[in-house]
Amino acid sequence: MEHLKNYINGELVEPISRRYLDNYEPATGRVYSYVPDSDERDVEFAVSAAEKAFPAWSVTPAQERARFLLHIADLITQNLDFLAHAESIDSGKPLSLAKSMDIPRAASNFSFFASAILHFASEAHTMEDTVLNYTLRKPIGIAGCISPWNLPLYLFTWKIAPALAAGNCVIGKPSEITPMTAYLFSKLCQEADLPAGVLSIVHGVGSKAGAAISRHPKIGAISFTGGTKTGSEIARVAAPLFKKLSLELGGKNPVLIFADCDYSTMLETTVRSAFTNQGQICLCGSRVFIQRSLYEKFKADFVARAKKLNVGDPLLEGVDQGALISQAHKAKILSYIELAKQEGGRILCGGGEVKLSGRCQDGSFIAPTVIEGPSYDCRTNQEEIFGPVVTIMPFDTEEEVLQYANSTPYGLASILWTGDLTRAHRVANQLQSGIVWVNCWMVRDLRTPFGGMKQSGIGR
Ligand code: NDP
């Protein structure tokens, strides 16, 4: 079985401790490779490589930095099938999703920021005929990029690419649960001849390798995506060191459906926004509020569509729902389904494990689950479940649905369905979330600021 390596100073190297962790394939429950169990010594090694690389990289002309980034983007695209296969095995997501979403987006993260840095301009302010003030934006130095398991290469590259484009050196730590595509990506960086030390990838657990990055005094910025609890711990460590922080955290996103919407587009998209990647996307809509006059029709159609989703081996064609990331995560989701029942929820479909046979008999699968009824302020509707579990409930007035939608401590994204333009603007303006999609989902120009309100994050 393969032992993955850290990528430090341009080389693929073993962790200094020579210790490795098991890397599981979620669909089979079996260990299929080993991931470095790095610690602060590996982070220190990466920091010293970055310190050496920074003076030259930070003054490398933007055009040349852009060329490196474009080369990496091309290599990702050329290896799309291979990377998508690796990502599907590593994360349990359907291969079709890795092919159509994760890996293409990883490539476009690089091509987008390669272009952005060429078009970057800074501000100047004139004080009539006396003084000209201008702003110089400079790279910070070393940026730490820590990413989660749900969209492994997609989110990892979204952090790395802009930091490199701006002339920073980067030390990245992917989730140790899904290290494979970051490892393969480090080989592509070697192929692209990215100068040694400009990017290092240190694998390992958050409490060791991740924490060593957060607290390292020479790492001046942290870009973190993950859970709110971890984000709060990173902020606690990094704030006294005055690091620049970008925290993209959890969500409990509402879907507001008004009766005047385009029904078929809404239904099709609401199924996707609920269950894509087994509901393990921070932007999934997990609380669906439907105007009462449409409620019974929506309920019947939505449940029928959820029941039709094909749960199976993520590598097979025609599979809509793959495996959850781990047995531990599956147990957490099942415990929330039990909680929902105790809180008065009625399971309309799903509600339990799916047992597959053959290769996937020990994998972690849950049927897409729709729950009716628990009140908007109960734990089921307030806490992030991060799985294929959605609650539905009716509402009567705009005021009421806004109260439901805004009631959680999170404020990442909202999804609004209405054919009334005036209402769309009025309601969107009152939703407490970083992004509001109107009559669509997951469509975003990368130039648009991204990030949440309240406990969903800071620093965009
Ligand atoms: P975690 O917060 O558990 O982990 C995220 C990353 O942080 C991992 O690489 C993890 O390593 C690392 N980490 C853990 N503890 C520390 C620490 N003390 N110091 C530094 N790094 C640490 O999140 P998950 O991986 O479970 O991802 C799911 C969460 O991510 C959900 O809450 C989801 O909403 C959120 N998310 C938010 C997005 C957004 O854009 N707002 C997008 C996608 C996901 P390790 O894996 O080893 O623990």
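The values are calculated or read from the model by the stated rules, or taken from the named source; none is laboratory data. Keep in mind the model is a prediction, meaning the values are calculated, not measured. Because the Cβ atoms are built from the backbone with ideal geometry, glycine has one as well, and the counts that use them run over all protein chains shown.
Among the residues of the stretch 208-231, which ones are more than 15 Å from the chain's Cα centre (by Cα), among the β-branched types (Val, Ile, Thr) and near the ligand (Cβ under 7 Å from one of its atoms)? Give the steps one after another, and end with the answer.
Our first condition is that a residue be more than 15 Å from the chain's Cα centre (by Cα); within the stretch 208-231, this holds for 208-222, 229.
Okay, now just the ones that are also among the β-branched types (Val, Ile, Thr), so 213, 219, 222.
Once the filter is applied, which keeps residues that are more than 15 Å from the chain's Cα centre (by Cα), among the β-branched types (Val, Ile, Thr) and near the ligand (Cβ under 7 Å from one of its atoms), the stretch 208-231 yields only Ile213.
Residues considered: Val390, Val427, Val370. Of these, the only one that is modelled with pLDDT of 95 or more and under 21 Å from the mean Cα position of the chain (by Cα) is Val390. Residue check: is Val31 within 25 Å of the chain's Cα centre (by Cα), surrounded by fewer than 22 Cβ atoms within 10 Å (Cβ to Cβ) and not in a helix (DSSP H, G or I)? The answer is yes for Val31. None of Asp377, Asp445, Asp396, Asp362 is surrounded by fewer than 24 Cβ atoms within 10 Å (Cβ to Cβ) and under 25 Å from Gly92 (Cα atoms) except Asp362.
Checking Ser122, Ser147, Ser88, Ser115 one by one, the residue that is more than 26 Å from Thr230 (Cα to Cα), at pLDDT 95 or above and not hydrophobic (A, V, I, L, M, F, W, C) is Ser115 and no other. Per the listing Trp437, Trp441, Trp417, the residue uniquely of a type outside the set (D, E, K, R), under 23 Å from Glu268 (Cα atoms) and touching a Cys at 6+ places or on another chain (Cβ under 7 Å) is Trp417.
Of the listed requirements (1) touching a helix residue (DSSP H, G or I) at 6+ places or on another chain (Cβ under 6 Å); (2) crowded, with 17+ Cβ neighbours inside 10 Å; (3) in a helix (DSSP H, G or I), Trp57 misses just one: (1). Residues in the stretch 232-245 that are more than 10 Å from the ligand (Cβ to nearest atom), surrounded by 15 or more Cβ atoms within 10 Å (Cβ to Cβ) and among the small types (Gly, Ala, Ser): Ala235 only. Only residues that are within 16 Å of the ligand (Cβ to nearest atom) and hydrophobic (A, V, I, L, M, F, W, C) were counted in the stretch 125-154, giving 7. Of the residues making up the stretch 330-345, those that are more than 14 Å from Glu383 (Cβ to Cβ) and part of a helix (DSSP H, G or I) are Lys330, Ala331, Leu334, Lys341. For first residues located in the stretch 254-280 and without any contact (Cβ under 8 Å) to a residue 60 or more places away in the chain and on the phi < 0 side of the Ramachandran plot, partners that are aliphatic (A, V, I, L, M) and surrounded by fewer than 21 Cβ atoms within 10 Å (Cβ to Cβ) and lie 6+ apart or on another chain with Cβ distances below 6 Å form the pairs Ala259/Leu294.
Pairs meeting the criteria (first residue in the stretch 130-149 and outside the structural domain of Asn168 (by TED's automatic domain parsing) and without any contact (Cβ under 8 Å) to a residue 40 or more places away in the chain, second residue more than 16 Å from the ligand (Cβ to nearest atom) and among the acidic types (Asp, Glu), beta carbons under 9 Å, at least 6 apart or on different chains) are lacking.
For the stretch 105-146, name all the residues that are surrounded by fewer than 17 Cβ atoms within 10 Å (Cβ to Cβ) and under 27 Å from Asp81 (Cα atoms). Result: Ser115, single match. Of Gly318, Gly351, all but one fail to be in contact with a strand residue (DSSP E or B) (Cβ under 8 Å, 6 or more places away or on another chain), on the phi > 0 side of the Ramachandran plot and not aromatic (Phe, Trp, Tyr); the exception is Gly351. Among the residues of the stretch 157-179, the ones that are over 14 Å from Val198 (Cα atoms), surrounded by fewer than 24 Cβ atoms within 10 Å (Cβ to Cβ) and either among the β-branched types (Val, Ile, Thr) or more than 13 Å from the ligand (Cβ to nearest atom) (or both) come to 1 in all.
Against the definition (in contact with a Pro (Cβ under 9 Å, 6 or more places away or on another chain) and of a type in the set (A, V, I, L, M)), how does Ala182 come out, yes or no? When the stated conditions are applied, Ala182 passes them. Sub-9 Å Cβ pairs linking a first residue in the stretch 61-76 that is touching a residue at least 24 places away in the same chain (Cβ under 8 Å) to a second residue that is aromatic (Phe, Trp, Tyr) and surrounded by fewer than 16 Cβ atoms within 10 Å (Cβ to Cβ), at least 6 apart or interchain, are Ala62/Phe120, ordered by first then second residue.
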